[in-house]
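Visitor: A single structure is presented below for examination.
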Amino acid sequence: MAEPWRDRARRAVEWNWRLRSVGDPRPHYVICGKDALAYYVARAMLESELPAGGARVTVVVPERYRSNGPDVAGLRGVRVVRSERLDVATFEAAGLAGATGLALLHQDDVGNLHAALCAQAVDQRVRQVLRMFNGTLADGVRKLLKAPVEVLSDAEMAAPAFVAAALNEVDPSSFQHRDKTLRVARRADVRPQDVVCALAHFTEAQRVELLPAEQAGADLVLAEATGQPPGTEVAARRLVRARRRRRPVTVVMGAVRGFATRKIGIAVMLVLALIAVLGALISRAEDVSPLEALYLTLVTTLSGADPDTTKAADAQIMQVVLNLAGLALIPLITAVVVDGIVNARLALHTGRLQPARVGHVVVIGLGNVGTRVMAQLREYDVEVVAIDKAAEPRGAALARQLEVPLIVGDAALPETLAAASVADCQALVVASTDDVANLEAALAARDLRADLRVVLRFFDGDFAERAEETFALGVSRSVSYLAAPAFIGALTERAVISTIPVDRHALPVAEVPVAAGSELDGRPLDVVNRDGQVRLIARTPAGGAKTIWWKDLDPRQVIFAGDRLTVVARRRGLDWLTRQCAPPARPGPVPRPAGSVHGGPLTPTATPSVPDQAGSRVGAGHSVPSGGDVPPATNSGQVDGLELTHRHDGTGEES
């Protein structure tokens, strides 16, 4: 039954009233997405605790959707707006006007571009962060949009971690900052004078200690690039040199096995065996030489023989049987030829007719991530075989361009894995978009070879960790978890230079400006370093002076307003440093918005935003509370979410 128009009007008024800012000074972020990347970005914004009351987060999700990983709409503290289209009406309903940032995180390049244009019509000043795979389209978006925009590719950021895991090396992350090029490496692979800082130490209990206090004992370090290739490139070159020659006998046998079906092959072999046995018996009965017996057998089988009633009964019986075998052999030969031609055409179409390979890497799933992994492996000259269910996946054109064989089929089937020579490959990278299908393919591959190195892609980071520990399948990676810090940094206008994946963790490298009157203004550099949280690697003095790198940093040097500190940090450590470097909060009472959400009062909010020294708009997320300890990760004190269903008829439904 339709809702009475008066009730609908009343609910619409209440809905629009609730969407008003009501004087809430906290920064407002609108996140559009439904997968694990949107979940991690939204959760990080809620847990950032940059202002005293946190950030306001509105999540726009479709009316009906299925999440492969954690559900962003289930986060406590977010306001949910449901809409099938990201248009002007949806952004107005989400309160985009006056918001601090907008993240468009759907896996649809054109859809994200259309949404960015609609958002620009609502507010041209809101900062936009777009998720895009097509690099050409991304460059065009940066030029066309009038609003401040950052275009990022999660696949491009996560692909090096998959490549490094496949080659049993550390992530070949390298980035350039100021006048230095830095890269991630094992300590044993770099000179001691090139080590910038320790990144991780792997304990005996298979645990990872990030940014350890003991610099000398770390296994993974950030080092200055001095010309030698990184470990992953060295491993790829070694793999190419050690690749064994293809075995011709195995190739021929594989081609024969793929020429005809199993049933036809068995029938042909049985008929030939019968003919051979009868030929041997004829040679003994006729008392002729083997060559003459072969001649008599073939002529009798293929053309038949003249009846001869004077022959013995057993010879007549063998002659009749041979004629019958000949009648069966001719159609069987025809069936073998026809079946072989059909199978060959199908195998060529699906990529299953492949020579045996050794030492290659098999990539399952040519989506965004799989395509990037395939391309980077080919850059290292590593032989690659791709598998995908679709005949024309996203990376099919690039696979043909790079001459990478593409096998069309279900990767969980043994015949598909056998066609890709998985039993003899160097590593298997499972990078499709379905966690269950990835797990099935990994288990099927392990049945073929127990010691196979498997690199699994999972959307849910917790599922990835538990699956790796329980099934012992190899290395698991969550693309969304690896890429989330870069999207968070772009959304909050932090100068995130790069993101370093370490195991299943991600360490952002960022440059943080020191504001006048902040907690660090006038304090020594020694207070910046915090074991397990923040590691200072460079300082750029105010006024554009030359950057002072780790070799020349004196912990007794005083930090001044306008300095820019380059650090490697964990997310919470970066939140702490950002607060310590932000301008002081303005004195005065903090306004409280009226109304309640889910039956409870709204939490106290933070102070208004203060512009930084560069004149850019910095939201209340940069206010500085007193105290210097790194805050714990908690959602206590945040606003319970108000979930709204947005419809294009102007009504809202509260749930």
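Visitor: For residues that are basic (Lys, Arg) and under 21 Å from the mean Cα position of the chain (by Cα), tally how many sit in the range 434-452. Steps first, answer last, please.
Guide: In the first step, residues of the range 434-452 are kept if they are basic (Lys, Arg); the result is 446, 449.
Within this subset, residues satisfying the condition of being under 21 Å from the mean Cα position of the chain (by Cα) are none.
Final tally of qualifying residues: 0.
Visitor: For Asp194, are the conditions met, namely being charged (D, E, K, R), open to solvent by less than 10 Å² (accessible area, probe 1.4 Å) and within 30 Å of Asp531 (Cβ to Cβ)? Spell out the reasoning first.
Guide: Details: charged (D, E, K, R): yes; open to solvent by less than 10 Å² (accessible area, probe 1.4 Å): yes; within 30 Å of Asp531 (Cβ to Cβ): yes.
Yes, satisfied.
Visitor: Right, something else. Suppose the filter is of a type in the set (A, V, I, L, M), in a loop (DSSP other than H, G, I, E, B) and touching a helix residue (DSSP H, G or I) at 6+ places or on another chain (Cβ under 7 Å); does Leu439 pass it?
Guide: Details: of a type in the set (A, V, I, L, M): yes; in a loop (DSSP other than H, G, I, E, B): no; touching a helix residue (DSSP H, G or I) at 6+ places or on another chain (Cβ under 7 Å): yes.
Against the criterion (of a type in the set (A, V, I, L, M), in a loop (DSSP other than H, G, I, E, B) and touching a helix residue (DSSP H, G or I) at 6+ places or on another chain (Cβ under 7 Å)), Leu439 does not qualify.
Visitor: Also: Is it the case, given these coordinates, that Gly77 is at positive phi and open to solvent by 20 Å² or more (accessible area, probe 1.4 Å)? Break it down into steps so the answer makes sense when it comes.
Guide: Working: at positive phi: yes; open to solvent by 20 Å² or more (accessible area, probe 1.4 Å): no.
No: the conditions fail for Gly77.
Visitor: Among the residues of the range 406-457, what is the count of those that are closer than 19 Å to Ala159 by Cα and of a type in the set (Lys, Arg)?
Guide: The number of residues fulfilling the criteria is 2.
For every residue, the table says whether it meets (1) more than 30 Å from Leu37 (Cα to Cα); (2) open to solvent by 10 Å² or more (accessible area, probe 1.4 Å); (3) hydrophobic (A, V, I, L, M, F, W, C).
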| site | (1), (2), (3) |
| --- | --- |
| Gln376 | no, yes, no |
| Ala391 | no, yes, yes |
| Gly395 | no, no, no |
| Leu398 | no, yes, yes |
| Asp410 | no, yes, no |
| Val422 | yes, no, yes |
| Ala427 | no, no, yes |
| Val430 | no, no, yes |
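Visitor: Anything in the range 439-451 that is buried (at least 17 other Cβ atoms within 10 Å of the Cβ) and out of contact with any Gly (no Cβ under 8 Å at 6 or more places or on another chain)? List them, or say none. It would help to see each step written out before you state the result.
Guide: In the first step, residues of the range 439-451 are kept if they are buried (at least 17 other Cβ atoms within 10 Å of the Cβ); the result is 439, 441-442, 444-446.
Of everything in the range 439-451, those that are buried (at least 17 other Cβ atoms within 10 Å of the Cβ) and out of contact with any Gly (no Cβ under 8 Å at 6 or more places or on another chain) turn out to be Leu439, Ala441, Ala444, Ala445, Arg446.
Visitor: Can you tell me which residues in the range 543-587 are in a loop (DSSP other than H, G, I, E, B), at pLDDT 90 or above, open to solvent by 20 Å² or more (accessible area, probe 1.4 Å) and of a type in the set (A, V, I, L, M)?
Guide: Leu553, Ala561
Visitor: Take the range 513-538 and flag every residue that is farther than 19 Å from Leu199 by Cα and either open to solvent by less than 30 Å² (accessible area, probe 1.4 Å) or at pLDDT below 90 (or both).
Guide: Val514, Ala515, Ser518, Leu520, Leu525
Visitor: How many of the residues making up the range 374-431 are among the polar types (S, T, N, Q) and either touching a strand residue (DSSP E or B) at 6+ places or on another chain (Cβ under 9 Å) or part of a loop (DSSP other than H, G, I, E, B) (or both)? Quick ask: steps written out before the conclusion?
Guide: As a first pass, look at the range 374-431 and keep what is among the polar types (S, T, N, Q): 376, 401, 416, 421, 426.
Remaining after also requiring either touching a strand residue (DSSP E or B) at 6+ places or on another chain (Cβ under 9 Å) or part of a loop (DSSP other than H, G, I, E, B) (or both): 416, 421, 426.
Count: 3.
Visitor: Within the range 480-531, count every residue that is part of a loop (DSSP other than H, G, I, E, B) and either within 29 Å of Ala185 (Cβ to Cβ) or among the aliphatic types (A, V, I, L, M) (or both).
Guide: Initially, the range 480-531 is screened for residues part of a loop (DSSP other than H, G, I, E, B), giving 492-494, 503-504, 514-523, 528-529, 531.
With the extra rule that they be either within 29 Å of Ala185 (Cβ to Cβ) or among the aliphatic types (A, V, I, L, M) (or both), the set shrinks to 494, 503-504, 514-516, 520, 528-529, 531.
Looking only at that region, the number is 10.
Visitor: Restricting to the range 170-192, and then to whatever is of a type outside the set (S, T, N, Q) and within 11 Å of Ser498 (Cα to Cα), can you tell me which residue is modelled with the lowest pLDDT?
Guide: Let us first name the residues in the range 170-192 that are of a type outside the set (S, T, N, Q), namely 170-172, 175, 177-180, 182-192.
Still in the running and within 11 Å of Ser498 (Cα to Cα): 175, 177, 182-183.
Details: Phe175: 79, His177: 86, Leu182: 90, Arg183: 85.
Checking each candidate, the answer is Phe175.
Visitor: Also, I was wondering about something else. In the range 71-175, which strands (runs of 3 or more DSSP E) lie fully inside it and hold 3 or more residues that are among the hydrophobic types (A, V, I, L, M, F, W, C)? Don't jump to the end; show me each part of the working.
Guide: Values: elements: 78-82, 101-104, 127-131, 149-152.
Passing ranges, in order: 78-82, 101-104, 149-152.
Visitor: Restricting attention to the range 427-451, and to residues there that are under 26 Å from Gln107 (Cβ atoms) and acidic (Asp, Glu), which single residue is modelled with the highest pLDDT?
Guide: Glu440
Visitor: Going residue by residue through the range 452-470, is there one that turns out to be in a helix (DSSP H, G or I), basic (Lys, Arg) and at pLDDT 85 or above? Working first, answer last.
Guide: Of the residues in the range 452-470, the ones in a helix (DSSP H, G or I) are 461-470.
Pick out the ones that are also basic (Lys, Arg) and you get 466.
Subsequent filtering for residues that are at pLDDT 85 or above retains none.
The answer is no; no qualifying residue exists.
The values are calculated or read from the model by the stated rules, or taken from the named source; none is laboratory data. Every value quoted in this text rests on a predicted model; they were computed, and no experiment measured them. Quick reminder, even Gly has a Cβ in these numbers, built from the backbone with ideal geometry, and neighbours come from all protein chains shown. Just the protein is used for accessible areas: all its heavy atoms, side chains included, with ligands, DNA and RNA removed. Shrake-Rupley method; radii C 1.70, N 1.55, O 1.52, S 1.80 Å.
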